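What follows is a single structure, and I will ask about it in a moment.
The values are calculated or read from the model by the stated rules, or taken from the named source; none is laboratory data. Values in this document were obtained by computation on a predicted structure and should not be read as measured data.
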Amino acid sequence: MLANKFRLNRQEIGEIIKKGVCFNGFFFYIKALYLSDKKNNGFSIIISKKVEKTSVGRHRIKRIVSSVIEETSLNKIKTKFNSFVFILKPVEKDLFYEKKLKNDIKNVIKMIV
């Protein structure tokens with residue numbers, strides 16, 4: 001899971017969703033914005049019940065997304081954005097959903113950086 005210093009609060013998430021720039025992937029989209037009062041990069045992962053019915057499944061997907069963020073060291077990379085909200089889309093899940101999701105996240109992060 002992401003460290004507490006890299007998480008966004010509700011007010012920041014609302015501001016990013018309203019004013020942020022959107023980057024689309026197949027399984028999700030990222031809203032990104034530069035917040036001047038943030039020292040570190042901030043992240044949030046939003047998964048609705050339309051994407052996954054069970055809380056166990058939603059937490060599993062959150063762990064997958066946060067592990068990719070840590071692997072790519074996005075929290076250390078300096079870009080013109082410093083706050084990111086990952087919003088997952090409801091799609092059909094198949095046997096290779098996790099692998100496809102990881103590859104999709106890495107491709108969209110390359111677009112941002």
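Is it the case that region 67-83 has a residue that's modelled with pLDDT of 90 or more and among the basic types (Lys, Arg)?
So far as region 67-83 goes, no, none of its residues is modelled with pLDDT of 90 or more and among the basic types (Lys, Arg).
Before we move on, is Ile109 part of a helix (DSSP H, G or I), among the β-branched types (Val, Ile, Thr) and within 12 Å of the chain's Cα centre (by Cα)?
Yes; evaluated as a whole, the condition is true for this residue.
Within region 86-106, how many residues turn out to be farther than 29 Å from Lys39 by Cα, outside any loop (DSSP other than H, G, I, E, B) and of a type in the set (D, E, K, R)?
Number of matching residues: 3.
A follow-up question, please. So which of Lys39, Lys89, Lys102, Lys31 ends up being over 13 Å from the mean Cα position of the chain (by Cα) and of a type in the set (D, E, K, R)?
When all the criteria are applied, what remains is Lys39.
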